[in-house]
1. Could you work out the local net charge near Gln280, counting Lys and Arg as +1, Asp and Glu as -1, over the other residues with Cβ closer than 15 Å to its Cβ?
2. Ranked by Cβ crowding within 10 angstrom, fewest neighbours first, how are Tyr412, Tyr435, Tyr53, Tyr296 ordered?
3. Compute the relative contact order of the chain as a whole-number percentage, counting only Cα pairs closer than 8 Å that sit 6 or more residues apart in sequence.
4. Over its Cα atoms, what ratio of radius of gyration to 2.2 N^0.38 Å does the range 130-222 give?
5. Starting with the fewest neighbours, write out Met449, Met405 ranked by other beta-carbon atoms found within 10 Å of each beta-carbon.
6. Roughly speaking, what is the stretch gain from Ser358 to Ala454, that is 0.36 nm per residue apart minus the C-alpha to C-alpha distance, in nm to one decimal?
7. Residues of the range 33-52 with backbone nitrogen within less than 18 Å of a virtual label 7 Å along the Cα-to-Cβ line of Gln443, please, listed as ranges.
8. Sort Ser353, Ser63, Ser77 so the one with the fewest other Cβ atoms within 10 Å of its own Cβ comes first.
Amino acid sequence: MSSLSALNSLLGSSGSIDLSSILEALTGASTPGIDVNSAVNAAVQAASAPETYWENDENTINSQLSALQQIQSFASSLDSDMQSLNSLTGPLSATTVTSSNSSVVTGTTVPGTTPGVTTVVVNSLAAGDTWSSGVVASSTAALPAGTFTITPAGGLATTITIGSGVNSLSDLANAINGDNLGVTANVITDANGARLSIVSNSSGSGNDFTVASSGLSFSEVVPGANASLTVNGVALSSASNTVTGAVPGLTLNLLNAAPGTQISLTVSPNTSQVSSAVNQFVSDYNTLIQAVNSQYSDSGSGEGVLATDPTLRNLQTELFQAVDYSSSTSGSISGLSSLGITVNKDGTLSVNSSALSSALQNNFTSVQNFFQGSALNGFANSLDQQLTSFINPGDGAFTVDLQSMNTQLTTYQTDITNFQNNIIAPLQQRLQTEYSNAEIALQQLPEEMKNIDAELGLNNNNSSNG
């Protein structure tokens, strides 16, 4: 088939060929030939229009996902605040201990310890059994050969041979400490020389140990002893200077003996911790409500990507209702305003620190009842339940919303992939072939025209001669 015939065939077989480009090449109205890549790209771009719409929708859903996930995170932070304020081991149950003489005795508490005053008298401290060796020249001076035997309370005797690698007080101390015998050995040096001191790791009269040595003298310098104290007038004995169980939830830390001196330990609510928790709640509430409100603000580029999402509108409504919570059973603290927390025009909250401090100092029980109710059913539980209905990972409104968005996103991604693989890629390949064939035909056309002109000229000459 001639180039002219091939060109005619291509023109007749494909409606996708750029006829204007071919005609320009035929008539010489433009540079001969077809820009194959440009022609194919233009046709493919036109055919890809539906994909552009899908990609735009995909970008919108991605923006919605990001915005909703951020709001969900803010809601989760606020919910954590509510769970903490509603917990029996949370800040509302935290207490502090103040000692009237912290050089003699201090105290610590566990959450929920009953506030009150405990009177303590420390007659004597608990002590660990202590043994000391005789004096030698120095910590590294060679010791006479022999044996050293230590027997812990209720344990088995351990013997260390002196003179076979254990040659000095330092060596003996290291050997004792390395055997984990329930004691600690140290070399003490002064102007007179060096001594080995061995102290029981456990204080109390029941934790005495014995020492016997054939080459070095040892003597017990401090027998183990229990602490002697009175708590609210009751005489107690303790093997440790850390006394637990005397008062429920209160641990006594005995530091020095002060016989006859009454020390007051006052347990009170940790209002500082509660104040921090309340301020954290307000801060996290404001972060959440501002993020929600921003979706309905038009700063010139339209509302946010979630403005039409009913789930977000429901959350906004519930947050506004939540701060109107009122209790008739919590005494003088019936609402947030009683705590010095007010609602601003934009829905955010503000805290009057002085009013909050006054409520905590003067009406702590009412504050606790407001947040926790009579059975963990107060304000904190109410807002926790509202937020859980949105953030519950199983069936929360946010969870369902995000699942729907992800399903749409997957559908668009699948549609785009199928469109590319089944429509665009085959179309691009076919057009590339067709335009390339047309280009070849056009390149051969001038030679075909010369041959036709030559044949026409020859025929005309023959006719004239005849």
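1. Values: positive: none; negative: Asp79, Asp81, Asp284, Asp384.
Here the count lands on -4.
2. Numbers: Tyr412 21, Tyr435 25, Tyr53 10, Tyr296 13.
By the 10 Å Cβ count, ascending, the order reads Tyr53, Tyr296, Tyr412, Tyr435.
3. Values: 761 pairs, mean separation 105.2, N = 466.
Once normalised by length, the contact order is 23 percent.
4. Working: Rg = 12.4 Å, N = 93, 2.2 N^0.38 = 12.3 Å.
After normalising by residue count via 2.2 N^0.38 Å, the value is 1.00.
5. Working: Met449 13, Met405 18.
Fewest-to-most Cβ neighbours within 10 Å comes out as Met449, Met405.
6. Numbers: separation 96, 0.36 × 96 = 34.56 nm, distance 11.29 nm.
So the extension gain works out to 23.3 nm.
7. In the range 33-52, the label zone of Gln443 (backbone N under 18 Å from the point 7 Å along Cα→Cβ) covers 33-40.
8. Working: Ser353 10, Ser63 13, Ser77 17.
Ranked by crowding around the Cβ, least crowded first: Ser353, Ser63, Ser77.
Bear in mind that the values in this text are calculations on the coordinates, not laboratory data. Everything quoted here is computed from the prediction, not taken from an experiment. When we count neighbours, we look across all protein chains shown, and the Cβ atoms used for this are built from the backbone with ideal geometry, even at glycine.
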